[in-house]
There are 2 protein chains.
Amino acid sequence: MLARNMNLNRTCLKYFSVSSCCHQTKHLLRQQKTVARFSSTLLQDKNITYNPSILPQKSFHETKQSIKPLVEDQNCNTFTYRTHTCGELRPQHEGLKVTLCGWIQFSRLSKFLLLRDAYGLTQCIVNNDNINFSDIPLETVVKIEGTVSLRPKDMINKTMATGEIEVVMNKLEVLNTVDKLPFNLRDYQKPKEQLRLQHRYIDLRFPEMQNNLRIRSHMLHNMRRFLIENHGFVEVETPTLFCRTPGGAREFVVPTHHEGLFYSLVQSPQQFKQMLMSGGVDRYFQVARCYRDETTRPDRQPEFTQLDIELSFTNLDGVLTMIEHLLYETFVKQLPKPPFRRMTYKDALSNYGSDKPNLTFDLKFVNIKNLFPEKSDEEDFGAYALPYTKEIGKLTTKYKEKIKEFAKKYSCKVVLNENINKELGIEIGARIQNVVGDDAAIIVLGEDENACICLGEIRLMMASLLKSKELLRVKENVEPLWVVDFPLFVKGENGLETCHHPFTSPHPDDMHLLDSDPLKVRSLAYDIVMNGNEIGGGSVRVHNAELQEKLLKILDIDSLKLSHFLNALKCGCPPHAGIALGIDRLVTLACDAESIREVIAFPKSHDGRDPLSGAPNTISEDDKKYYHISTVKH
Amino acid sequence: MLARNMNLNRTCLKYFSVSSCCHQTKHLLRQQKTVARFSSTLLQDKNITYNPSILPQKSFHETKQSIKPLVEDQNCNTFTYRTHTCGELRPQHEGLKVTLCGWIQFSRLSKFLLLRDAYGLTQCIVNNDNINFSDIPLETVVKIEGTVSLRPKDMINKTMATGEIEVVMNKLEVLNTVDKLPFNLRDYQKPKEQLRLQHRYIDLRFPEMQNNLRIRSHMLHNMRRFLIENHGFVEVETPTLFCRTPGGAREFVVPTHHEGLFYSLVQSPQQFKQMLMSGGVDRYFQVARCYRDETTRPDRQPEFTQLDIELSFTNLDGVLTMIEHLLYETFVKQLPKPPFRRMTYKDALSNYGSDKPNLTFDLKFVNIKNLFPEKSDEEDFGAYALPYTKEIGKLTTKYKEKIKEFAKKYSCKVVLNENINKELGIEIGARIQNVVGDDAAIIVLGEDENACICLGEIRLMMASLLKSKELLRVKENVEPLWVVDFPLFVKGENGLETCHHPFTSPHPDDMHLLDSDPLKVRSLAYDIVMNGNEIGGGSVRVHNAELQEKLLKILDIDSLKLSHFLNALKCGCPPHAGIALGIDRLVTLACDAESIREVIAFPKSHDGRDPLSGAPNTISEDDKKYYHISTVKH
């Protein structure tokens, strides 16, 4: 399989080498900007491209370089009236008559102008007085015709892809004028996010956004190539207007002209993909739009994209292997060779206090329950130490306060390093010192799971503190991790709730506990975690209708509402398993972006509002009448 | 460009050769079924695959053959516990130990069974008494292990891809049992559509559905390859939860937890793709889910898929050329070489009475206005003849009634061939005879456009009648056609309405008529039509904010509701144009399917109901409360 996928691998490598180049660029730019602010007057003005006020061009240029075309002879000029992009002219084009289109990024002395498009920057010059652009504002859209000319040697700009040439214009045509812009297109004057989102049509011109959207498109296309071309999957589009799936997130409702009847917007294609399995479409995937009304949670969008996959005649190992190869061959950064590391939910919790542990740094818990012999019989009691370097010294009040909050939130006793002897006694203090050696430690005691999660939050806080003081080694690689053996159920407010979703198969080894001790039953669910982010999750599904009905009963879900689904299982449904990857988060990691909003063309803001149009809005009385609804205060 | 796309062309050719093979198969099957019904007892029972009761296997087999993999070494067994699909074993596999999974399609004498999966059928036999499957019902899901063996020469089934081998089983494991099925999986007993949709998870097992979904997936993937790999397009996902677009179809509304505020589900990504152009994403496409609440119209779905494309720095010819090459290289049937035929809206109407004329047959109107000299001054008067062969004889009452209805609907005078002299006088009758020669003719007189459309409906009716009597030559090819020069406005109930959408550019030659005679203004809109179906449409857009505001004013649309959009034009938006292709209809044509529901995995029925789950449904009081709505009778 690896040999067969060499093409994909090559693409992957290209991305990789470039991604790091992109990093360098950012770093460089930051340095340069600092220089620019303080010494612009000192710089010589020989070549326009050295002028610090136009530094963003370099990131434009470098960014374009980072998007290697999937196929070398990809042509971005077909079907247009330009002959070349602003990023592609080179010395070998000398003497060629060209037509370029783009935005005026910078102009100077009515002699030079920098033309920008999505692909780069080209310097255009004028040799006579027929063309006058001194009054044309920046960001005006123009078409220029001219001849490619080599720059004089001392004018060559090596940091610019087109830096060895310039275009001598003989015609300049304004294609569209520009009003006063709400903000400038300068990297070092980047406006606040709210303003950027409100005028996204300008913000998208920044090289980072161009880069992110292109990486997203390429990554998804490479995933499709992997799935369709190499592994015979079929992409099937499933409806988004459907009925409510019992259990799970809040679903948006859509009124219809049938009085009192509503669709629900699907939270995932789960039911459909399982019905496809019953229908013999045994290798399904879809880049699926999903909807959840969770706008109150940060970094969530009311609609999002997942790569949704399901296979028949497979098992847990089959799905995990597939995703490992899919990611290895299509993710833009280098990943470790499959198989990826696996960890049980239990281990993740008791070693890192999280079901999505960040393993790019160590900071592993030490279980010190055995140091409390009088509590060793209490099954629910947990005691953990988080060792860390003493070099950091005593924590400031700010951090102590945070720790107090965690302790309160999880009803745990948290003991700071300096208080161990005082609070736990000299004897236990000595035993702890024995365990953590030269390190300092924070101790958490309490109900076992709570103690883990509490220390897990403290671990992340400490990591960020240690990192800021350069006292923690953090790997730069992406570290993928499978978390497996999740519990099937969790205790909810009204009885048992599902941990994943109601269609997840119990672990075959725990089947006998379903009636007697359901909270002890593990499931065949799995999550893939990267650097502390849950990137995706899935499970082996229940394919037996009887077992499915039993699980619904335990969960107190009315099986009548799922009769179509249960019928699909009854009519010859093969064993199957699947997964969904969160594309927004995956691309965020791939782009080193700070939030998923940076990899979505038109994201909503935190409370689900569209910063561009102001949606959601009021609707007309006619619409309300047609849909048989009225707005009420509750 | 053609040389570069050879790979795509090859794929296209594969599809083509197969598509016709598929036709043959269907034809053959129809013949065979007829034979089977009447002579099954006469057939020898030597080889189980000759048994007429299992004829559907052949179409399964042939259908699979029709889906050539995009890449020859595509592997459909990776990540599963089968070693081969049921369609791939050949004599060269003799002696190989294999594991197959699938559904029992047929079993006989506790000795033979036919195993089916999405890829074909394999005959499995048992040589000892250890395996007993006499009690296992059809459609049970099983896993079998066995050894590939050559069939005896006289048992070879040449009409079956795996017909030279059989698998000698040494193990059979039931993976899932099956309840009584609502219908059998036999082509010649296909149930009514309502029942098929209600149990779509079974219906999908039919070879036609498997075929259609695979053709859809491959066609879309090839379109992506064309756009991304060859032409540097970027696929950008845009939101579906947005604000209402003024003008256009009814949009579903989605209540939010912000009291009284609603999203609208987008009817297309139109505004977003134009904002992307302003944002410098100059080659955009998206396979986009769109929503329109038009469930009362036949063959419409509340949600549908369109291939949405937009380019900057292009014009009408650029977009038309792009789509011609896209379709030529990715459509599964052979199309004529680009450029495709173009026809003005005016010509389409006055020659065929439709803006989407079906040109696979002739039946062209003759304009006979000049035969009525006393009316020649009336600009609005139209007179047309539809000539057709006399061989058909007099029309029956049923057709005459239909024609009467058309006449009434369009307020026209329709004269049947036999009444020409009587109703129009001998003199005009002679003139008409002179024009239509040896043919008969139906004459329509009335307001010009109405007369055209009226005769257009009569034309389609006559074509269907003539075809049924084999009196009309109908081309078997797909005949693509561009219809251009649409009017920009139409008269609506409350003033002018847009013919395409409010963002369509007026024809530059008619710009001077915008104020004085807006109904005479042509637009730069275009439709692509195939065999009488509108497959897609688009336009050169308005990129100038002032012109856009003027058009909104003419259309009486509040420009405040589009201020975000107008701002995008004001901030340096390049000239751009685009198109959207209706994927459901395009794939329907590609698959020779009878309705778009045959190429959609889970379609809604006519009134927008989901036959599987019964959606739309009532919602909970909690949901109503959360969304601040109540249901009311209006």
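Would you confirm whether or not segment B:407-425 contains a residue that is farther than 20 Å from B:L371 by Cβ, hydrophobic (A, V, I, L, M, F, W, C) and out of contact with any Cys (no Cβ under 8 Å at 6 or more places or on another chain)? Show your work before the answer.
Within segment B:407-425, the subset farther than 20 Å from B:L371 by Cβ is B:408-411.
In the following step, the residues that additionally are hydrophobic (A, V, I, L, M, F, W, C) were identified as none.
For segment B:407-425, residues farther than 20 Å from B:L371 by Cβ, hydrophobic (A, V, I, L, M, F, W, C) and out of contact with any Cys (no Cβ under 8 Å at 6 or more places or on another chain): absent.
State yes or no: is B:T85 free of Cβ contacts under 8 Å to residues at least 40 places away in the same chain and either outside the structural domain of B:N157 (by TED's automatic domain parsing) or not aliphatic (A, V, I, L, M) (or both)?
On the way: free of Cβ contacts under 8 Å to residues at least 40 places away in the same chain: yes; either outside the structural domain of B:N157 (by TED's automatic domain parsing) or not aliphatic (A, V, I, L, M) (or both): yes.
Yes, satisfied.
Filtering segment B:537-558 down to residues that are crowded, with 20+ Cβ neighbours inside 10 Å and β-branched (V, I, T), which residue is farthest from B:G572 (Cα to Cα)?
Once the filter is applied, the top-ranked residue is B:V540.
Check segment A:164-173 and report whether any residue there is at pLDDT 95 or above, within 14 Å of chain B (Cβ to nearest Cβ) and at positive phi.
No, segment A:164-173 contains no residue that is at pLDDT 95 or above, within 14 Å of chain B (Cβ to nearest Cβ) and at positive phi.
When the residues of segment A:178-197 are filtered to those that are out of contact with any helix residue (DSSP H, G or I) (no Cβ under 8 Å at 6 or more places or on another chain) and in a helix (DSSP H, G or I), which remaining residue is farthest from the other protein chains (Cβ to nearest Cβ)?
In this case the residue turns out to be A:Q189.
Exactly one condition in (1) closer than 20 Å to B:C573 by Cβ; (2) at pLDDT below 95 is not met by A:V142; state its number.
(2)
Could you identify the single residue in B:D317, B:D308 that is in contact with a Gly (Cβ under 9 Å, 6 or more places away or on another chain) and in the same structural domain as B:S217 (by TED's automatic domain parsing)?
Details: B:D317 fails: in contact with a Gly (Cβ under 9 Å, 6 or more places away or on another chain).
After ruling out the rest, the residue left standing is B:D308.
Do any strands (runs of 3 or more DSSP E) entirely within segment A:109-177 hold 2 or more residues that are free of Cβ contacts under 8 Å to residues at least 60 places away in the same chain and over 30 Å from A:I215 (Cβ atoms), and if so, which? Before the answer, list the steps.
Details: elements: A:112-117, A:120-125, A:141-150, A:165-176.
Here the list reads A:141-150, A:165-176.
Does segment A:336-355 hold any residues that are under 17 Å from A:K520 (Cβ atoms), part of a helix (DSSP H, G or I) and not small (G, A, S), and which are they?
A:Y345, A:K346, A:D347, A:L349
Would you call B:Y284 within 7 Å of chain A (Cβ to nearest Cβ) and part of a strand (DSSP E or B)?
no
Only helices (runs of 4 or more DSSP H) wholly contained in segment A:198-279 count here; list those with 1 or more residues that are charged (D, E, K, R) and facing chain B (nearest Cβ under 8 Å).
Filter on segment A:198-279 gives A:200-203, A:207-224.
Condition check: at pLDDT 95 or above and in a strand (DSSP E or B). Does B:I453 satisfy that?
Values: at pLDDT 95 or above: yes; in a strand (DSSP E or B): no.
For B:I453, the condition - at pLDDT 95 or above and in a strand (DSSP E or B) - is not met.
Run down A:E594, A:E534, A:E621 and say which single residue is at pLDDT below 95, under 30 Å from A:R473 (Cα atoms) and either surrounded by fewer than 21 Cβ atoms within 10 Å (Cβ to Cβ) or of a type outside the set (S, T, N, Q) (or both).
Values: A:E534 fails: at pLDDT below 95; A:E621 fails: under 30 Å from A:R473 (Cα atoms).
Answer to the selection: A:E594.
Any idea which of A:L566, A:L562 is more than 8 Å from every other protein chain (Cβ to nearest Cβ), over 25 Å from the mean Cα position of the chain (by Cα) and crowded, with 22+ Cβ neighbours inside 10 Å?
Values: A:L566 fails: crowded, with 22+ Cβ neighbours inside 10 Å.
Just a single option satisfies the conditions, and that option is A:L562.
How many residues are assigned to a helix (DSSP H, G or I) and either within 23 Å of B:C573 (Cβ to Cβ) or not assigned by TED's automatic domain parsing to the domain that holds B:I309 (or both) when one looks only at segment B:518-536?
Restricting attention to segment B:518-536, the residues satisfying the condition of being assigned to a helix (DSSP H, G or I) are B:518-520.
Pick out the ones that are also either within 23 Å of B:C573 (Cβ to Cβ) or not assigned by TED's automatic domain parsing to the domain that holds B:I309 (or both) and you get none.
Number satisfying all stated conditions: 0.
Could you tell me which numbered condition A:K369 fails, if it satisfies all but one of (1) within 23 Å of A:V483 (Cβ to Cβ); (2) touching a strand residue (DSSP E or B) at 6+ places or on another chain (Cβ under 6 Å); (3) touching a residue at least 24 places away in the same chain (Cβ under 8 Å)?
(3) is the only condition that A:K369 fails.
Being of a type in the set (A, V, I, L, M, F, W, C), over 12 Å from B:G232 (Cβ atoms) and part of a loop (DSSP other than H, G, I, E, B) is the filter; apply it to segment A:74-108 and report the residue that is farthest from the other protein chains (Cβ to nearest Cβ). Walk me through how you get there before you give the answer.
Taking segment A:74-108 as the starting set, the residues that turn out to be of a type in the set (A, V, I, L, M, F, W, C) are A:76, A:79, A:86, A:89, A:96, A:98, A:100-101, A:103-104, A:106.
Restricting the remaining residues to those that are over 12 Å from B:G232 (Cβ atoms) gives A:86, A:89, A:96, A:98, A:100-101, A:103-104, A:106.
With part of a loop (DSSP other than H, G, I, E, B) added as a condition, the list becomes A:86, A:89, A:96.
On the way: A:C86: 11, A:L89: 16, A:L96: 18 Å.
Selected residue: A:L96.
Which members of segment A:69-95 meet the condition of being modelled with pLDDT of 95 or more and either among the basic types (K, R) or surrounded by fewer than 17 Cβ atoms within 10 Å (Cβ to Cβ) (or both)?
Hits for segment A:69-95 are A:Y81, A:R82, A:T83, A:R90, A:P91, A:Q92, A:E94, A:G95.
Given the residues B:L552, B:L612, B:L547, which is the only one that is part of a helix (DSSP H, G or I), of a type outside the set (S, T, Y) and either more than 26 Å from B:L513 (Cα to Cα) or within 12 Å of chain A (Cβ to nearest Cβ) (or both)? Break it down into steps so the answer makes sense when it comes.
Details: B:L552 fails: either more than 26 Å from B:L513 (Cα to Cα) or within 12 Å of chain A (Cβ to nearest Cβ) (or both); B:L612 fails: part of a helix (DSSP H, G or I).
None of the others qualify; the one that does is B:L547.
Considering only residues that are in a helix (DSSP H, G or I), facing chain A (nearest Cβ under 9 Å) and not aliphatic (A, V, I, L, M), which ones fall in segment B:308-331?
Of everything in segment B:308-331, those that are in a helix (DSSP H, G or I), facing chain A (nearest Cβ under 9 Å) and not aliphatic (A, V, I, L, M) turn out to be B:D317, B:G318, B:T321, B:H325.
Please verify whether A:L445 is in contact (Cβ under 8 Å) with a residue 60 or more places away in the chain, farther than 24 Å from A:L471 by Cβ, within 35 Å of the chain's Cα centre (by Cα) and outside any helix (DSSP H, G or I), treating the condition exactly as stated. Walk me through it before giving the result.
On the way: in contact (Cβ under 8 Å) with a residue 60 or more places away in the chain: yes; farther than 24 Å from A:L471 by Cβ: yes; within 35 Å of the chain's Cα centre (by Cα): yes; outside any helix (DSSP H, G or I): yes.
Yes: the conditions hold for A:L445.
Can you tell me which residue is farthest from the other protein chains (Cβ to nearest Cβ) among those in segment B:583-609 that are in contact (Cβ under 8 Å) with a residue 12 or more places away in the chain and of a type in the set (D, E, K, R)?
Looking at residues that are in contact (Cβ under 8 Å) with a residue 12 or more places away in the chain and of a type in the set (D, E, K, R), I get B:D592.
Can you name the number of the only condition in (1) in a helix (DSSP H, G or I); (2) surrounded by 15 or more Cβ atoms within 10 Å (Cβ to Cβ) that B:D515 fails?
(2)
Quick one: how many residues across segment B:326-345 are surrounded by fewer than 21 Cβ atoms within 10 Å (Cβ to Cβ) and touching a residue at least 60 places away in the same chain (Cβ under 8 Å)?
Let us first name the residues in segment B:326-345 that are surrounded by fewer than 21 Cβ atoms within 10 Å (Cβ to Cβ), namely B:333-345.
If we keep only those that are touching a residue at least 60 places away in the same chain (Cβ under 8 Å) as well, we get B:333-336, B:340-345.
Counting residues in segment B:326-345 that are surrounded by fewer than 21 Cβ atoms within 10 Å (Cβ to Cβ) and touching a residue at least 60 places away in the same chain (Cβ under 8 Å) gives 10.
Could you check, for segment A:223-240, whether at least one of its residues is over 21 Å from B:N222 (Cβ atoms) and in contact with a Ser or Thr (Cβ under 9 Å, 6 or more places away or on another chain)?
yes
Taking the residues in segment B:296-323 that are in contact (Cβ under 8 Å) with a residue 24 or more places away in the chain and out of contact with any strand residue (DSSP E or B) (no Cβ under 8 Å at 6 or more places or on another chain) as candidates, determine which candidate is surrounded by the most Cβ atoms within 10 Å (Cβ to Cβ).
B:Q301
Quick one: B:T305 ticks every box in (1) facing chain A (nearest Cβ under 10 Å); (2) assigned to a helix (DSSP H, G or I) except a single one, so which number is it?
(2)
Can we say B:I554 is more than 19 Å from B:L326 (Cβ to Cβ) and not assigned by TED's automatic domain parsing to the domain that holds B:Y328? Steps first, please.
On the way: more than 19 Å from B:L326 (Cβ to Cβ): yes; not assigned by TED's automatic domain parsing to the domain that holds B:Y328: no.
Considered against the rule, which asks whether it is more than 19 Å from B:L326 (Cβ to Cβ) and not assigned by TED's automatic domain parsing to the domain that holds B:Y328, B:I554 comes out as no.
The values are calculated or read from the model by the stated rules, or taken from the named source; none is laboratory data. The structure presented is a predicted model; accordingly, all values stated were derived computationally and were not measured. Please note: Cβ atoms are built from the backbone with ideal geometry, for glycine as well, and neighbour counts cover all protein chains shown.
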